[in-house]
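This report concerns only the one structure given below.
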Amino acid sequence: MNMTSTWGRAVTASVLLIVPASIHAATPAELRAGALKVLATLPDKMPGSENDTPARVKLGRELFFEKKLSANNTQSCNSCHAVDKNRGGVDNEPTSPGAFGKRGGRNSPTVLNAGFHIAQFWDGRAKTLEDQAKGPVLNPGEMAMPSEAAVIQKLKAEKKYVSGFKKAFPGENEPITYDNFAKAVASFERTLRTQDRFDDFLKGDDKALTAAELKGLDTFLSIGCTTCHSGPLLGGNDYKKLGILNAYENTSDKGRIEVTKEDYDEFVFKVPSLRNIALTAPYFHDGSQKTLEEAVQKMAWLQLGKKLSPEEAQGLGAFLRALSDKKRALAAK
């Protein structure tokens, strides 16, 4: 994960020097060349996956869907980060209800490709997938388990988990631990890498994107979106203030300053990845934007000081929909 962090900041630093003023490519090949200056295909594997085993991934999947990890046996990780039925790793709610119905203060980020991110959560307070997995289970407003010991007690009461932890963590005298729970969940989450048509295009397939999507990519590159949304994830690799040029209306959430206690982090959030963005509505940390077109119009104004034309917004929406995982995109239709 530290490798991911270093990689992310390196990409961001370079982007500021090479963002093209305008691509206006005559051919897909020229447009691809411009895109590859600031964007990239997703790596084949997430950092840390070299230590994962089939047994650990299997256990992690079972734990990800286990509702008994909540205080009243009603909620699992999948409740807020739904990946079954080819869903987009979210619940598509503005904010998510916890085990006892109370809603959290932020929109649930997708778990798809999360292991590539610089950190986890909107404010980056968890550096790794393992750190992130530990939080919601014990959060009173989410899964609301009272303690790590209570989690372990529930797991030890299930024969399948007694066996599963032994297989996933062989040689350990007490394999059922809270740390191992998080390691297993992270192992499963590292399998949630997606494949989309934009990567096909970047790899050389001129027919992977439609004319409308190519036009949207041209706009994406030319107006400055890649200043923040760069690299393989088209984001996920840095933190930015929401409202760089024009202030965002919702000032109740102070963002990353709550983690770092640094004044310069007020209203700063992790830049979302745009991979699978069409599957994860509503948008922004507060879930205030219902559609892609609304979100891109708002972001262009807040971050770039630009008012998009309807045609530009529609083009950007078309391009962003090409970033959806192929199987999930078909299931969403």
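Along the charge dipole of the chain, which of Ala212, Gly88, Thr251 sits closest to the positive end, that is, farthest toward it, with unit charges on the beta carbon of Lys, Arg, Asp and Glu (+1, +1, -1, -1)? So the residue furthest toward the plus end is Gly88.
Taking the DSSP beta bridges with both ends in the chain, the antiparallel portion is around 75 percent. When only Cα pairs below 8 angstrom with a gap of at least 6 residues are kept, segment 49-189 shows a relative contact order of 30 percent.
Across all Cα pairs in the chain, the calculated P(r) in 10 Å bins from zero up to the longest distance comes to 6, 25, 34, 23, 10, 3, 0 percent per bin. With helices as the sole contributors, the chain gives -11000 deg cm²/dmol at 222 nm; each DSSP H run of n ≥ 4 counts as -39500 (n - 2.57), and the sum is divided by every residue. Here the Karplus relation 6.51 cos²θ - 1.76 cosθ + 1.60, evaluated at θ = phi - 60°, turns the backbone of segment 90-97 into coupling constants of 9, 9, 6, 10, x, 9, 9, x Hz, with x for every Gly and Pro.
Computed packing ranks the peptides 230-240, 186-196 as 230-240, 186-196, most packed first, by mean other Cβ atoms within 10 Å. Cross-link reach is defined here as a Cα-Cα straight distance under 14 Å, omitting same-chain residues fewer than 8 places apart; for Lys85 the aspartates and glutamates meeting it are Asp325.
Between their Cα atoms, which of Lys215/Lys327; Lys127/Lys156; Lys160/Lys326; Lys68/Lys241 are more than 30 Å away from each other? Long pairs (Cα-Cα over 30 Å): Lys160/Lys326; Lys68/Lys241. With Cα atoms defining each centre, segment 109-177 and segment 267-333 are spaced 30 Å apart in the structure. Between His117, Asn51, Ser70, the Cα set farthest toward the positive side of the dipole of segment 49-189 (charges on each charged residue's Cβ, about the Cα centre) is that of Ser70.
Amide hydrogen proximity for Gly231: with H placed 1.01 Å from N in the peptide plane, the residues at 5 or more positions away or on another chain lying under 5 Å are Leu39, Ala40.
Averaging sequence separations of C-alpha pairs under 8 Å and six or more residues apart, then dividing by the length of the chain, give the relative contact order as a whole percent. Result for the chain is 24 percent. Note on Ser288 and Ser252: the extension gain reaches 11.7 nm, defined as 0.36 nm multiplied by sequence separation minus the Cα-Cα distance. Cβ crowding within 10 Å ranks Trp301, Trp122 as Trp301, Trp122, fewest other Cβ atoms first.
Neighbour counts of other Cβ atoms within 10 Å put Ile176, Ile244 in the fewest-to-most order Ile244, Ile176. In straight-distance terms, cross-link reach from Lys298 covers every one of the aspartates and glutamates whose alpha-carbon lies under 12 Å from its own, apart from those fewer than eight places away in the same chain; here that gives Glu249. For the chain, a crude dipole built from +1 on the beta carbon of Lys and Arg and -1 on the beta carbon of Asp and Glu, taken about the Cα centre, is about 800 debye to the nearest 20. Placing +1 on the Cβ of every Lys and Arg and -1 on the Cβ of every Asp and Glu, with nothing else charged, gives segment 49-189 a dipole about its Cα centre of roughly 380 debye. Sorted on the mean count of surrounding Cβ atoms within 10 Å across their residues, most packed first, peptides 138-146, 273-281, 60-68 read 273-281, 60-68, 138-146. If R0 is taken as 22 Å, the Cβ-Cβ distance between Lys307 and Glu93 corresponds to a FRET efficiency of 0.15. Dividing the Cα radius of gyration of segment 49-189 by its Kirkwood radius returns 0.94 for Rg/Rh.
FYI, it's all coordinate maths here, none of it is from the lab. Predicted model only: the values in this text are computed from it and were never measured. Note that each Cβ is placed from the backbone with ideal geometry, even for glycine, and that neighbours are counted across all protein chains shown.
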